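Just so it is clear, none of the values below were taken in a lab; they were calculated from the coordinates. Every value quoted in this text rests on a predicted model; they were computed, and no experiment measured them. Backbone-built Cβ (ideal geometry, glycine too); neighbour counts: all protein chains shown.
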Amino acid sequence: MFRGLFLGINNKTMYTGLLHTHSSLRYVVLLLLVIVVAKSMVGLISKKPFEKTDEKLTLWLMIATHIQLLVGLILYFVSPYVQFGANTMKDSITRYWTVEHSFIMLIAIVFITLARTSTKKLTDSKAKHKRVFIMSTIALVLIVMAIIMSGRGIIIPVRA
Ligand code: HEM
């Protein structure tokens, strides 16, 4: 129903715009994620204090990821690869875009959100760096894995 509604309001232009936005935002998410993982690892090893910059980076990462979630959710209802038919699970492409992509990315988004929210309660810098490092690394692995599974390319988008 939602798909029909969105496609009714607009069409291919909306889909293409959303896909490009979502596709481009991946670079922002991945870049911030790599910086957060690297910075928390250095902070942990060198026993550095958890600074304002570390806080800001986890916040920016969470905001970028939540925008990505929002765009992904709208895209979900306009993408021709998201289908709810009898053959959805039999076809690896429709199964990936209908179930696997959103499921894996949602788990990654939960970890990124927890990396920000759960560290706020901690007082010790080492514990904060450790928490951010573990949560963000899991998220990074999940996101990279999901993009590899899509066959669309991590750095350069590959379109069929
Ligand atoms: C960190 C979160 C996410 C990242 C990094 C991400 C990344 C990507 C990438 C790289 C693509 C391929 C774009 C291209 O072909 O150029 C894509 C497509 C897509 N994503 Fe996500 N995504 C995320 C979250 C989500 C979520 C949560 C949903 C759904 C609820 C979603 C739904 C979709 C859909 C429907 C497509 C389009 C398939 C198509 O029509 O070609 N994404 N995403």
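List of remarks:
- CD proxy at 222 nm, helix term only [per DSSP H run n ≥ 4: -39500 (n - 2.57); per residue of the chain; nearest 500]: -25000 deg cm²/dmol
- Sorting the segments 57-68, 83-94 by their residues' average number of neighbouring beta-carbon atoms within 10 angstrom, most packed first, yields 57-68, 83-94.
- All lysines inside 24 Å of LYS121 as judged from Cα atoms, apart from same-chain residues fewer than 8 positions distant: LYS39, LYS47, LYS48, LYS52, LYS56, LYS130
- Principal axis dimensions, largest first and in whole angstrom, of the range 26-65 by Cα: 30, 16, 9
- Footprinting exposure proxy for SER40, SER125, SER24 (fewest neighbouring C-beta atoms within 10 Å first): SER24, SER125, SER40
- Stretching ILE134 away from MET41 to a fully extended chain increases their span by 32.6 nm, per 0.36 nm per residue minus the current alpha-carbon distance.
- Top of LEU25, LEU70, LEU106 by mean-square fluctuation, Gaussian network on the chain, Cα under 10 Å: LEU70
- The slack between LYS121 and PHE103, meaning 0.36 nm per residue of separation minus the straight C-alpha distance, is 3.7 nm.
- Radius of gyration, Dmax [the chain; alpha carbons; angstrom]: 17.7, 56
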